[in-house]
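Student: Dumping the structure here so I can ask a few things about it.
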Amino acid sequence: MTLSENTKKLQDFIKSTPNPEDIPSEELHSLYQLFIDTIVDHNHLYYIDAKPIISDVEYDELFSYLKLIEEYYPSIISSYSPTQALIGQLSDGFQKANHKTPLLSLENSYNEEDIRDWAQRFWKIAEKQWITKWRYLMEPKFDGLSVEFVYQDWKLTQAITRWDWRIWEDITANVLMIPCMPKNISVKSELHFRGEVLMPKSQLEKLNKERESRWLTAFSNTRNAAAWSLKLLDSAEVWKRWLIVAIYEQLLWEPQDWEKLWLPTFNLPERFRYTEEIDDIVKWCLDPQVKQFLEEQDIDFDGLVIKVCDIPNDTDNSKDLGLFSEALPQNDKKSIREILWTTEHHPRWAIAYKFPAQQASSQIQSIDFQVWRTWIITPVANIDPVQLSGATISRVSLHNFDFIKTKQIKNKDFVWVQRSWEVIPYIVWSIKERRDWSEEPIVAPLFCPVCWWPITNIDIHYYCTNPKCPAQIKEKIVHFASRDAMDIWWLWESVVDVLVDQNILSSVSDLYDLCDIRKQVILRKFPNFWERSVSELAEQIEASKTKPLWRILNALWMPNVWKKIAQDIAHYLKEEKADSLDKMLEALWDDKLGELFWVWNKIINWIKLYISNPDTLWLLRSLEQHWVCFDATREEWWDIEEQAWDKEHFSLTWTFPISRGEFVKQMKEKWYVYDENPTHTTQIMFIWDKAWSKADKAQSLWIPIFNEWDEIQKKFWIETTTPIQNKTKIIQWWLF
Ligand code: IVH
């Protein structure tokens, strides 16, 4: 059985037998061995090959179950169990070192409940010892290689790291080659520190470029790059890797030496935050700005560490040491850390808070094809739901067939899905190691999944060119009714769905039949179409007939014509005295149109193509027959709609699949104004997560909020490029 098959078997087993008590006794030993072997193999993939095939959550699930088995059946515990030792492969060539302090790792927490639960547990211990006062320290959790540094006689004498929880490796020669490593200190006595050796992200990028040029495999992350760099046998090479060091704890401490000590280590503004309230800690941990701040640094962090410290007394002048988190205990008293002490594996005085996973593995269950107003058919993968950055993700866009080909994605594949707080989820790669031959290639459909019209393929995109495709009819009607078009508020998406599915609407012009009282009688029979909504809908449709011309132009989904351009064209038409549909069409053919600042040639060609299309002409005529007013010379509406000429302001709280800068640029091109923070002038707000402070502010100011990328893209005509690697412009193919 392959590792992937074993993993699957164990995952199924955990699901079917959540309680180890129910394990049939004859299976216990072989199952226990299988857990050990499987986890050890995953450790190898993670630590040695740097290419894990399961997510942290899946790993934790296996590991926790193994621990459960050992709790129920302590007699079977094997010294080879990964709970007892991290059985990795020792790299040769280094001396095995002894270390004086037990190696501890930190317990992990993932949410508010975990943090509070940890606090409750140590409160109980503290209470028993009559300790009532302490403070908390929060600091970043560095994602590098954990190293113990030993100083003696003013010098760095030893640096040790581990592969195994008992055996440490002496890497002193290499650590001495780290440029920022403090090699001397102002203290004679023996001091031990724990810290992390890190590779800056910018350095990883450079290193990988260089490696790729030499056909060497790139490092998958800064942690692995730092770890492997420290394990180079040629110390001189280490120098060239530009590693850095962050020290966060003193072990075996000797208080009297503190003041004299100075170590220049990694600096970060606000590296330490103190408070006496656990509520503050919870707030900071969950604050997306904290995470965002850390993400913006040149160093990788994988969470935060919360530590308990004594409150320094006033006479104690050691509190500004900065580097070290622990304040001195009073002479006659034990420090809170000494009182809480440790469990077998973790200190009780600290806990790691892991940021919500941004990557998880999941399995593709099926592929859907979604039809857009732009006629493009997009493949979408339905995946087993996974929790990512606090949201449950069950559908991921596959963008186009080029993407599928590049990423070699198959139906039923296990895939790594990524989503940070701000960005829409996407597939990073497919996990080929987990294939079992049941995967199927993803083939483009021959017919539109909605109307069964034959599909046209142009380079990487597939299109349904049927102008009567219900999917497109719906999209077009929704756009026609939208705020910047005809502003028919009652026609939201679910209403349009019903009306199109029930064959009441098959084109935009059918909307105007809804003003007919006989149609309204039919409408009232549909669920949720009560009396008032039907009559209000009819009123709004009626009112739309005399809406300003720019709104009509914007509503007609003319290619590349959006609000600002529609307004410019309407202005032009007014000046040309176009007071009817015929005059309008004539003026749109006129070369003078090209003199407008905003309407450049590409758009003119699109407009000409659009108005020469028989379907468009039929639609325009039919709107005219329904008394939709195409008179551009109506003076009065310029004044009424004066406001529409003001630039609209927008603000945002998230970066986009196309990067924040690119998004803001595109919006600015469309004459929107970017407000750094939402204020009373802000009219539009783009957000991802409503919990964010900017979003709260926007809500308190009653600013409309957009938080669906698909919707934003459609409404504001944002051109996307596929988020990863190949930046193929999505072409808008409108007319054939
Ligand atoms: S304090 C238990 N503080 O995270 C030893 N550890 O999962 C004292 N780590 O291997 C830990 N940043 O090496 C502490 N600011 C920080 C840290 C940190 C990263 C590492 C530590 C340990 C791992 C625990």
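Coordinate-derived values only; no laboratory data. Note that the structure is predicted; figures quoted are calculated from it, not measured. Virtual Cβ from ideal backbone geometry, glycine too; neighbours counted across all protein chains shown.
Student: Take I311, project a point 7 Å from its Cα along the Cβ direction, then tell me which residues of the stretch 124-144 have their backbone nitrogen under 12 Å from it.
Tutor: Only 132-136 fall inside the zone, counting backbone N under 12 Å.
Student: Which loop-located GluC sites (Glu not before Pro) does the stretch 191-243 contain, where loop means any DSSP state but H, G, I, E or B and the Cβ has at most 15 other Cβ atoms within 10 Å?
Tutor: none
Student: Want the number for E595 to L104: 0.36 nm per residue separation, take away the alpha-carbon distance, what's left?
Tutor: Extra length from E595 to L104 when fully extended: 169.5 nm.
Student: Skipping prolines and chain starts, which residues have an amide H placed within reach, meaning under 5 Å, of the one on V428, given they are 5 or more residues away or on another chain?
Tutor: W416, V417, Q418
Student: Follow-up question, since we're still on this one. How do W550, W453 line up, fewest other C-beta atoms within 10 Å first?
Tutor: W453, W550
Student: OK, next. Name the residues whose placed amide hydrogens come within less than 5 Å of the amide hydrogen of S109, ignoring near sequence neighbours (fewer than 5 apart) on the same chain.
Tutor: Under 5 Å from the amide H of S109 lie the amide H atoms of A352, Y353, K354, each far enough along the sequence or on another chain.
Student: Same structure again: By count of other Cβ within 10 Å, fewest leading, how are T406, T392, T172 ordered?
Tutor: T392, T406, T172
Student: Which pairs break 19 Å Cα to Cα here: K545/K670; K188/K240; K412/K474; K15/K67; K545/K668?
Tutor: In this structure, K545/K670; K188/K240; K412/K474; K545/K668 exceed 19 Å between Cα atoms.
Student: Do any of K141/K407; K519/K577; K141/K183; K155/K206 go past 26 Å between their Cα atoms, and which?
Tutor: Listed pairs above 26 Å: K141/K407; K519/K577; K155/K206.
Student: In nanometres, what is the gap between the two model label sites at K188 and T157, each 7 Å from Cα along Cα-to-Cβ?
Tutor: Placing both labels 7 Å along Cα→Cβ, they lie 1.3 nm apart.
Student: Quick check: residue separation of E113 and E5 times 0.36 nm, minus the Cα distance between them. What number comes out in nm?
Tutor: That works out to 35.5 nm of additional length.
Student: Give, in nm to one decimal, the length gained when the segment between C180 and S16 is fully stretched (0.36 nm per residue of separation minus the Cα-Cα distance).
Tutor: Working it through step by step, the gained length comes to 53.8 nm.
Student: The stretch 464-506 to the stretch 540-560: how many Å between their Cα centroids?
Tutor: So the separation of the two Cα centres works out to 14 Å.
Student: Pop a pseudo-label 7 angstrom from the Cα along the beta-carbon direction at both Q33 and L617 and give the gap in nm to one decimal.
Tutor: 8.2 nm
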